[in-house]
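Reading through the structure tokens given below for one structure.
The values are calculated or read from the model by the stated rules, or taken from the named source; none is laboratory data. Quick caveat: nothing in here was measured; it's all calculated off a predicted structure. Positions of Cβ are generated from backbone atoms using ideal geometry, with glycine treated the same way; all protein chains shown enter the neighbour counts. Heavy atoms of the whole protein, side chains included, go into the accessibility calculation; ligands, DNA and RNA do not. Shrake-Rupley method; radii C 1.70, N 1.55, O 1.52, S 1.80 Å.
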Number of protein chains: 2
Amino acid sequence: MKLGQWFIAGLVVLGGGAALGQSAGDAADGVRAADAAWLKVYSAKDLEKSVAFCDEQGSMMAPNAPIATGKAAIKKLISSDFASGDLVWHADKAGVAQSGDLGYTSGTYKFSFKDPSGRPAVDNGKYLTVWKKQADGSWKVLFDMFNTDQPPF
Amino acid sequence: MKLGQWFIAGLVVLGGGAALGQSAGDAADGVRAADAAWLKVYSAKDLEKSVAFCDEQGSMMAPNAPIATGKAAIKKLISSDFASGDLVWHADKAGVAQSGDLGYTSGTYKFSFKDPSGRPAVDNGKYLTVWKKQADGSWKVLFDMFNTDQPPF
């Protein structure tokens, strides 16, 4: 075997590795896309579509409130959130189980609101979302939790 | 068919349902056990063992602090937590992916501490932990997040 053949064999192995990496990336892309699609309807303050992203047994775990489980409780919480300011977020990490039925996204958020005196204020924090694949293949929110990075008052 | 036969058939169906429930329970028992084992060393304030429950790339997402990723950052955060009070928690929900490599536990916590004036105080809240199965079969913390149920000051 000539050196040239070893080189080609090496490329094939590297190519296989890249394909595996690509495949793992694609798996997490499903929850990344769900996260981005949720952000789109959430930042547009579309209440019905935002609630529709949650699993029937989904829980939203907001600071300063008990766990809200189920669509009615989540709807109330999101509605209150919409009224109090503007939320955007960015997913820094995403992953899914090998079986493709459970995944997560996590990153940071920025919440712009008006303080009690009416002046513009910003809260920066982080979030963690656990996604569950539904029977129809879509990803829905099983848990969503967030908290602030700001020091206590 | 007599009524007695219907009754027995009904019992068999119910039995089948219970078996499925049991099977799902067994899968989640792995993360429930990891959650309970973590609680044990955490409430004993064993810093090394508490940090050892975290994945090398694990993140702890505590309120009023940026995301702490990696064992050094997590150790600092847990150490500060140990110094400020006594934490206990209870897992109400647990689940794992069908592939058994990713799971979650979630529930409530109680943090007992002394307020700035030295009087005993309690903070009640909730938590969400994402667990990743390691190469050795153990479950480690990939994300751990919590926040308070108490209204803002």
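Details
- Filter pass, B:LEU77 being more than 20 Å from B:GLN134 (Cβ to Cβ) and modelled with pLDDT of 95 or more: yes
- Condition check for B:ASP86: part of a loop (DSSP other than H, G, I, E, B), away from chain A (no Cβ under 12 Å) and either in contact with a Phe, Trp or Tyr (Cβ under 7 Å, 6 or more places away or on another chain) or open to solvent by 30 Å² or more (accessible area, probe 1.4 Å) (or both): no
- Among the criteria (1) surrounded by fewer than 19 Cβ atoms within 10 Å (Cβ to Cβ); (2) modelled with pLDDT of 95 or more; (3) at negative phi, the one B:VAL31 does not fulfil is (1).
- Remark: pairs (first residue in region A:113-124, at pLDDT 95 or above; second residue of a type in the set (Gly, Ala, Ser) and open to solvent by less than 100 Å² (accessible area, probe 1.4 Å); Cβ separation under 6 Å; 6+ apart in sequence or on different chains) = A:PHE113/A:SER84; A:PHE113/A:GLY85; A:PHE113/A:ALA121; A:VAL122/A:SER112.
- When A:LYS40 is tested against (1) more than 18 Å from B:LYS93 (Cα to Cα); (2) part of a strand (DSSP E or B); (3) of a type outside the set (Gly, Ala, Ser), exactly one condition is not met: (2).
- Meets criteria (touching a strand residue (DSSP E or B) at 6+ places or on another chain (Cβ under 7 Å) and at the interface with another protein chain (Cβ under 8 Å from one of its Cβ atoms)) for B:ASN147: yes
- Residues (within 17 Å of B:GLY95 (Cβ to Cβ), within 13 Å of chain B (Cβ to nearest Cβ), open to solvent by 40 Å² or more (accessible area, probe 1.4 Å) and not in a strand (DSSP E or B)) located in region A:97-144: A:GLN98, A:SER99
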